[in-house]
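Presented below is the structure to which this report refers.
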Amino acid sequence: MFSTSPRFSTSPSDDAALGETALYEPGVREFVSLTLRQTAAATRPLFLKDTMPSSAALSRFMIWVDSVGGYLVCTDDEVVLGHPAKDSVIALPIRADLARRHAILRREAGTYTIEPLGKVSIDGRPLTGPTVLGGEQEIQLGDTVRIKFTMPHALSATARLLLTSPHRTEPRADAVLLMADSCVLGPKSHCHIECRGWGGDVVLFRKGEGLAVRASEPISIDGVEVVEVAGPADLPLGSRLEGESFALSLEQV
Amino acid sequence: MDNQPLLLENPSASLMDLRTPPSDEPLEPPGVTEPPEKSARLASAKFLYPTGSKPLEGYTLKRGVGRGGFGEVYFATSDAGKEVALKLIRRNFDVEIRGVTHCLNLKHNNLIGIHDIRTDSLGDQWVVMEYVSGESLEEAIDRHPNGMPVDRVLQWMRGIGAGVAYLHDHGIVHRDLKPGNVFFDEDEGEGGTVKIGDYGLSKFISCSQRSGQTESVGTVHYMAPEIANGRYGREIDTYALGILLYEMLTGHVPFEGESVGEVLMKHLTAEPDLEMLDDPYREIVQRMLAKDPEVRIGSVNEMLSLLPGGRRVEPLVREKVESWTNSEASADGIGSEHLFQNTSVRGLPDNTPARTPAEPSQREPLYEWLSTSWNGMVDSWYDWPLNPVGKALLLFFLVGAAVVSVGAWGSMAVGLGIVYLFYYVFWSAFVQPSSRSDAKQPASGKIGHSEPPNGGPSAEAPSRIPPTRREQAIARRQLRMNWREKVHKELVAKPLREKSTELLSSMVLVGVVCTFLSLLVALALGAAGGSQPVPIGLWLSVVSTVGCWAILAISKFTEGKFEDQVPLRILLLGAGAGVGLLATGLTQTLLMGLPYDVDFGIRYHDSMLANLFDSNRSENMPQSFAPDVMLSVAYFSLMFLMLRWWRLAEYTRRTRFSLVRVGLCLCGAWIAHLVCWYPQPTGVAVAGVIAVATQLVSPWLPPSRRKTHAGENLAA
């Protein structure tokens, strides 16, 4: 009834989940349970399309939340913002009139600094050198790109970037998360991803080099129910997380 | 494309088991063909396809967006990278896909474009649509639970109206207009475009008869009454637009209910509560929500022409507006001609300015002028492009200079202030048009209008604020006056016995409060003046108690009866004279003088009426002084005449206790001694104690009851 490609058998942990993952299109995206850094390094020779950036350290993925939106997550401590280009190392490409490397956002000990490489202003003040970002601020890149920078959750150093001007990131995302240790999805406004109508919070956090998940309701990962007593469950990239009232997928980009 | 939480989902009918697997997928390993029971249960409330699946050739689904009446909507990208919305219409749904076919080649800015209709390998239909980023009207309304700002409402309404007018012009009735079907595309055009979705699909009653699965209850709120008779003309869209307009302005739909039946019944019978709307909208909504489709506003274009213009129509440019033509209007940015196809634009301004009668300003003109110019100055100060540090320094310097030179201008300012106060008393007593209305009361929060952050009328106000604001103010005042009148009527109708009982109890209470306050004040006065506090306390408490009694009694028996102030003032004059007599009598029986401090007031011979009275008074008693009958009577009469004491005891006063009123009474008493001398601070202290005690003691209508009264009034 369901089908899959043999490629999936490279990931033995997915065996039980084959029924669920069968609807994915296996030829385009890789769905393997590898850790973040390893994914970038190890899978690229196998499945990589030529459009991927060439940096091995780059680690980003999309969270697709059903009924809510798609979010680009960057886990690196240093993120370059700029115009997308085929073979440059841009973690956060914005389709706009920008330089290829327009600004660098750095996270050090929970504090974000922005280093302007092109024309950058913060809350209307032009920047000449690296500046610390704090609270809620508006970053303007070039003449037209406006980005709202917030750190919504008091207990997390994860920052959220929201494009307020009509530009788009590539791939298109409703917001960009600079993920520090954790990322909270939930119904309240201080969540990194605000999901209207959810019953409780879902927390994604880094565990070793990979991702794990904790939720307030029973969840299943790729169709396999998670045993609650076993603690936080590993959440490999490419997997689909489902709860009673929600579903989301992680996709590597 | 909506996110209606009110979906009547049948949980047992899982989407999984209705779906047969793709037949052409290769390499189907045995053993995994059975859908896992657990995940089917878990997934029942969710989307059929997860991220990454490709049920329709050429498109990769990214995520589920929402669920409409006919199926799920996904965000997807084509193989080349084009972003689209895909709507899955499952084959076992009895949907008239022909409707969409008719709409395939419609093109309008305000309609979500339909690119294609495709059939997948399972025979399900997919509608390939333009993907719209941005919030739906539903979310926008949720963000403004008390109504959206008027300019946003107009932006939405024009967009929706233009789109619906286009549909009607092409012979298509939308039939499912609701906030969840309207979106705001931030990416398109300058400042975004309103987009209507789900047109051509809807057939909202017949669709669910068989499956019983996904009839959206939310739709019921927008359902025109004639649908009950099976009539699906374009008027049902007009009706839905009326509901939308109402909901945008107030934050909730006009007809709410516990069940579908109740809401439908209200559509058929109940009248919408229009009192929350302000004038241009009240009439529009009323006409759009007419039960009889023949009576309802006939076309969307007519509705659009009734809305306040594309730019704010100002009374000042009325002549220019009169000569507007269609082309001029579009050149002015009002919108393309099709907005005003049927109705001349000329009809548009006539509606608005005609409803703004030249309401006489309730504020005192001098004050008005002063506050206007002050606000103008403040605005221009903020707009002044100067370094903030420089501004701060300048401000500091200005304030410093003002403080240092206070000797030079202070006395002049005080003099001017006193002259103005006299003028104001005169003005409010004799000139002010509606005497017993509190004109300076700031407007309480009102639904559905944008108020500039600084409440006062600023210099630019006419160009910034639509004329409706004044109408709103008038309506608000009328509303307030209405409930006041109602309360007044009730008060007048109260039996004398009840009134007397109430009065008696407050009189007893006020005696206690006055005694307490007087002792406090006497202690302070005695400490300052060196005289004994006990007789002063006694004197103060008796005089203020009697004063309070007079005010309470007058207020009790007159509130709601008199339209003007003159009888009240006459009564108070008499009361003041009585209090004055009592005050002298007391000083004479107690053989005491009233504490007197030259620093607190003027000297006897400086007062205006000093020569009228006994002029050979000596001032050899600087710390205490016993005024004679004439002086006392004159002072208290003047004090009682000058101030509107009854407002302290009004049942309908705004707050139970207002320090501002106390301050006004103190000022009034002090000013009275300029005319007719009395030892200060004792004279002022009497006024203060009376003001505080009266306000504390007299009954007060709490805001919750006011609301009920206003509500009852509206209902009636």
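Read-outs: derived from the displayed coordinates by stated rules, not from any lab. Small disclaimer: the values here were computed from a predicted structure and weren't measured. Counting neighbours? That spans all protein chains shown, and the Cβs are built from the backbone with ideal geometry, glycine included.
Would you list A:C74, B:C665 from fewest to most Cβ contacts within 10 Å?
If I rank by nearby Cβ atoms, fewest first, I get A:C74, B:C665.
In order along the stretch B:256-262, phi translates into HN-Hα couplings of 10, x, 6, 9, 4, x, 5 Hz, rounded to whole numbers, per the Karplus curve 6.51 cos²θ - 1.76 cosθ + 1.60 with θ = phi - 60° and x for Gly and Pro. A DSSP coil position with no more than 15 other Cβ atoms inside 10 Å describes the following GluC sites (Glu not before Pro) in the stretch B:496-585: B:E563. Highest mean packing first, where packing is the average number of other Cβ atoms within 10 Å per residue, the peptides B:48-58, B:583-593, B:71-81 line up as B:48-58, B:71-81, B:583-593.
Enumerate by residue number the GluC sites (Glu not before Pro) in the stretch B:267-312 meeting two conditions: DSSP loop (anything except H, G, I, E, B), and at most 16 other Cβ atoms within 10 Å of the site's Cβ. Taking the stretch B:267-312 and a limit of 16 other Cβ atoms within 10 Å, the loop GluC sites (Glu not before Pro) found are B:E275, B:E294.
For the segment B:252-260, counting C-beta atoms of other chains within 10 Å of every residue's C-beta and taking the mean gives 0.
Taking each residue in A:59-71, count the Cβ atoms of any other chain within 10 Å of its Cβ, then average. What number comes out? Walk me through the intermediate numbers first.
On the way: counts 0, 0, 0, 3, 2, 8, 3, 14, 10, 4, 5, 4, 0.
Per residue, the average neighbour count from other chains is 4.
Which loop GluC sites (Glu not before Pro) in the stretch A:72-144, with loop taken from DSSP, have no more than 14 other Cβ atoms within 10 angstrom of their Cβ? Sites meeting the loop and neighbour criteria: A:E136. For the residues of B:181-188, the average number of beta carbons from a partner chain within 10 Å of their own beta carbon is 1. Our note on the geometry: Cα centres of the stretch B:363-382 and the stretch B:560-582, 36 Å apart. For the residue pairs A:K188/B:K391; B:K54/B:K107; A:K86/B:K46, the alpha carbons lie more than 32 Å apart in A:K188/B:K391; A:K86/B:K46. Summary of packing: across the peptides A:187-193, B:641-647, the per-residue average of other C-beta atoms within 10 Å ranks them, highest first, as B:641-647, A:187-193.
Using the average count of surrounding beta-carbon atoms within 10 Å as a protection proxy, the listed peptides B:226-232, B:130-136 rank, highest first, as B:130-136, B:226-232.
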